[in-house]
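Reviewing the structure listed below.
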Amino acid sequence: MITSRGFKLSKYFLWKDIPKYFFYMMAVILCFGLTPVVAGKLLILTEDGVPPLNFIKNGQLTGASTEIVEEILRRLDLDISLDVVPWARGYQLAQQKPDVVLFSMARSKDRENLFHWVGPICMVQSAFYAIRGGNKVINSLDDARHIGSIGTYRDDVREAYLLENGFSNLDSANSNQSNLRKLLSGRIDLWATSNIEAANLPGQLGIDPAAINHVFTFQKFELYIALSKQTSLTVVDAWKTTLDQMKSDGTFMTISRRWLPEDSLPVDGSNATPSPDVREKISIYTENSPPGNYVQDGQLKGPAMRVVQEIQRRLSINSPIEMVPWARGYHLAKTQPNVALFSTSRLPQRETMFKWVGPLYTQRWGFYARRTADITIESMEAAKSVTRIGTYHEDAKEEYLESLGFRNLVSTNNNIGNVRHIMNGTIDMWVSSNFNMPYIVRFAGYDPRQLKLVMSFKTVGNYIAFSKMTSDHIVAQWQKVLDDIRRDGTWAKYFEITPGSVE
C-alpha cells in the first residue's frame, strides 16, 4: 500500500481506474497549492539603478520590490534567480516571451492589455526636475512643451506619457544615471523622473541631492509586477494570491516601510474597503465660481463639484460641501487639519502649502477689458502700466501677479463685483480665465461679448488642495479614485460641455 497525502492506492489498483485516480490526484495537488505550472521555470527580470526599489548594492540585488518578489518565490517554493537587464530589453522580452516576470512596472492605459498585473507594490509621482538655482518655472504641461529639452528614460512610462501628450522636445537616454549627468552638465533643461529616483539616485552617484529641485508634478501612478500575456493564468493567480496573503499578514507592509517613504506606500484599488482614516471627518470647502462649482436654485452644481461628489460617493464619505468666500476657505485650508478646498490653482508659491489631488481641469488666465476700451498690451511689463486691474482677494491670479511685482491691483472679496467695476469704468482691466469669465459675466447680468481678451498670460491646473495636516493615506485615496474617474470615462461625461472662451 502506498500513501500520498492520505490518499491510498491499494494492491487492487486497476488501469481502468486511471481517469478516476487522476482527478483525485489533481484535486489533492490543487488543495495543497502544488500546481505543476506554478512550479515551472519562470524568467524573472528587473533593472539596476532604481533605489530603493530594485538596485545592486555590494554586488547583490536588493530593494523593496526585490524583497517582495523574493518573498513571493519563497512562499511558492520556487528556486529561481532574478536576472538584471537593461529596462528596454526586459520590457521587450516580457512582451514577446511566455513565462516572463518583470518588475517594477508602472501600470498605464497603453500597457493595460500587454501584461498580467500583480500588485500594486508602490506609488510613484512623476515630475520635472531642474538644476537648483535655475530659472525654470513650470506650472503646467503646456509650459514644459516650450522648454528646450527634457531628459527621459527610453521606454519608461514617463516618456510614453509625454509623447502621448504631444511632446517633441524629449531627449531619450538608456539610463537615468545618464539623464542626471546631462542635467547637471547643462545638456538638458529638465529631467522627467520619479520622486523616488530623484531622492535616491544622486546619492548613489556621489552627487548632492540638493543639486536638483522639484519643478512640477505631472503624473501619479502605481508600480506592479508584470507577467507576460502568454503566461498561464494559474501562475498569475498564484502570484496574486500570495501577494494578497503577504498584505493580509503584514509582511508586505513591513518590507515596504523599511524602504519606502510614507507617500510611496501603495494604496489598493477603489473597490477595496477604505482604511478607517479615509472616512475620517473631512471639511470640504468651495466657492461660488461658475462654471466649475456654483449654487443655482439652492443646488450645488458644476463639473468640478460633480467630480468631488463622485469621489465622496466611491469612498463612502458623507461630509457636506460648504460654499464659503474664497479667502475664508483658503485660510482654513492653510491652518486647519483635514480640510479640502477646491478648485485651487496649483502654483510654485503654493506647492509646499498643501497636499494636492488633481488636476480637476486646466484654464488659461488673461486680462479682460470692455470691448470698446482702447487698451492694447503685449507683455506683462506693459500690463504693469495700466492704471487699475481688478483681482479677487487671495485668488491665485492675484498672488501670481503680486509675485511678479504688480502694484496696480484693485482687490475685491466678490469676483462678480469686478464685472460691475469694469463695466462702470472704476477698473481698466479684470483678471479672469477662459474657463470662468463667460459665466461670471452672465451671473453679473451682462453679456460676455461686452468684454474682450486683451492678453493671455498663463495656463494652470486646478486641483483639490488638502491641508498639510491631512493624512497622506487620505490624499492618496482621493487621488486614486480621481484617476479611476478619469480612466472609466466619468470625468469626460461631467466635462463634456466645456466652457467657451471669449477672445
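The values are calculated or read from the model by the stated rules, or taken from the named source; none is laboratory data. None of the values given here were measured: they were computed from a predicted structure. Neighbour counts run over all protein chains shown; Cβ positions are idealised from the backbone, glycine included.
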Checklist line | Hits in segment 419-435 (condition: out of contact with any strand residue (DSSP E or B) (no Cβ under 6 Å at 6 or more places or on another chain) and under 24 Å from N293 (Cβ atoms)) | finding: V419, R420
Notebook entry, point to check: Name the pairs whose Cβ atoms lie under 7 Å apart, with the first residue in segment 197-218 and among the polar types (S, T, N, Q), the second surrounded by fewer than 17 Cβ atoms within 10 Å (Cβ to Cβ), and 6 or more positions between them or separate chains?
Noted result: N213/R132
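Please verify whether D428 is touching a residue at least 40 places away in the same chain (Cβ under 8 Å) and not hydrophobic (A, V, I, L, M, F, W, C), treating the condition exactly as stated.
Working: touching a residue at least 40 places away in the same chain (Cβ under 8 Å): yes; not hydrophobic (A, V, I, L, M, F, W, C): yes.
For D428, the condition - touching a residue at least 40 places away in the same chain (Cβ under 8 Å) and not hydrophobic (A, V, I, L, M, F, W, C) - is met.
So which helices (runs of 4 or more DSSP H) are wholly in segment 390-503 and hold at least 3 residues that are surrounded by 20 or more Cβ atoms within 10 Å (Cβ to Cβ)?
Qualifying helices (runs of 4 or more DSSP H): 396-403, 415-424, 437-443, 472-487.
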Check: Is there a residue being of a type in the set (A, V, I, L, M, F, W, C), without any contact (Cβ under 8 Å) to a residue 40 or more places away in the chain and either over 18 Å from Q125 (Cα atoms) or touching a strand residue (DSSP E or B) at 6+ places or on another chain (Cβ under 6 Å) (or both) anywhere in segment 180-187?
Finding: no
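Against the definition (in contact (Cβ under 8 Å) with a residue 12 or more places away in the chain and within 17 Å of F252 (Cβ to Cβ)), how does L76 come out, yes or no?
yes
Please find, among R132, R158, the residue that is modelled with pLDDT of 90 or more and charged (D, E, K, R). Break it down stepwise before answering.
Working: R132 fails: modelled with pLDDT of 90 or more.
Only one candidate qualifies: R158.
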Next item on the list: Can you confirm whether segment 344-355 contains a residue that is modelled with pLDDT of 90 or more, on the phi < 0 side of the Ramachandran plot and in contact with a Leu (Cβ under 7 Å, 6 or more places away or on another chain)?
Entry: no
Next item on the list: Collect the residues in segment 146-165 that are in contact with a helix residue (DSSP H, G or I) (Cβ under 9 Å, 6 or more places away or on another chain), under 15 Å from Q219 (Cα atoms) and of a type outside the set (S, T, N, Q), keeping them in residue-number order.
Entry: D156, L162
Next item on the list: Please enumerate the residues belonging to segment 110-124 that are surrounded by fewer than 19 Cβ atoms within 10 Å (Cβ to Cβ) and either modelled with pLDDT of 85 or more or closer than 28 Å to L73 by Cα (or both).
Entry: R111, E112, N113, L114, W117
Item checked: segment 428-466, residues that are within 15 Å of K397 (Cα to Cα) and out of contact with any Lys or Arg (no Cβ under 9 Å at 6 or more places or on another chain) -> W430, N436, M437, M455
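Residue-by-condition table, conditions (1) of a type in the set (G, A, S); (2) more than 18 Å from V236 (Cβ to Cβ); (3) modelled with pLDDT of 90 or more; (4) in contact with a helix residue (DSSP H, G or I) (Cβ under 7 Å, 6 or more places away or on another chain):
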site: K20; (1), (2), (3), (4): no, yes, no, no
site: P52; (1), (2), (3), (4): no, yes, no, yes
site: F55; (1), (2), (3), (4): no, yes, no, no
site: T66; (1), (2), (3), (4): no, yes, yes, no
site: E71; (1), (2), (3), (4): no, no, yes, yes
site: V85; (1), (2), (3), (4): no, yes, yes, no
site: M105; (1), (2), (3), (4): no, no, yes, no
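I need the full set of residues from segment 263-282 which are part of a helix (DSSP H, G or I) and at pLDDT below 70, in order please. If you could, list the steps in order and put the result at the bottom.
Within segment 263-282, the first condition is being part of a helix (DSSP H, G or I), and the residues that meet it are 263-264, 276-279.
Across segment 263-282, the qualifying residues are D263, P276, D277, V278, R279.
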Margin query: Being of a type outside the set (V, I, T) and touching a helix residue (DSSP H, G or I) at 6+ places or on another chain (Cβ under 6 Å) is true for just one of K397, K355. Which residue is that?
Written below: K355
Note to self: Suppose we filter N113, N139 for residues that are assigned to a loop (DSSP other than H, G, I, E, B) and out of contact with any helix residue (DSSP H, G or I) (no Cβ under 9 Å at 6 or more places or on another chain); which single one remains?
What the structure shows: N113
Margin query: Looking at segment 150-177 only, could you name the residues that are surrounded by 15 or more Cβ atoms within 10 Å (Cβ to Cβ), among the polar types (S, T, N, Q) and outside any strand (DSSP E or B)?
Written below: N169, S175, N176, Q177
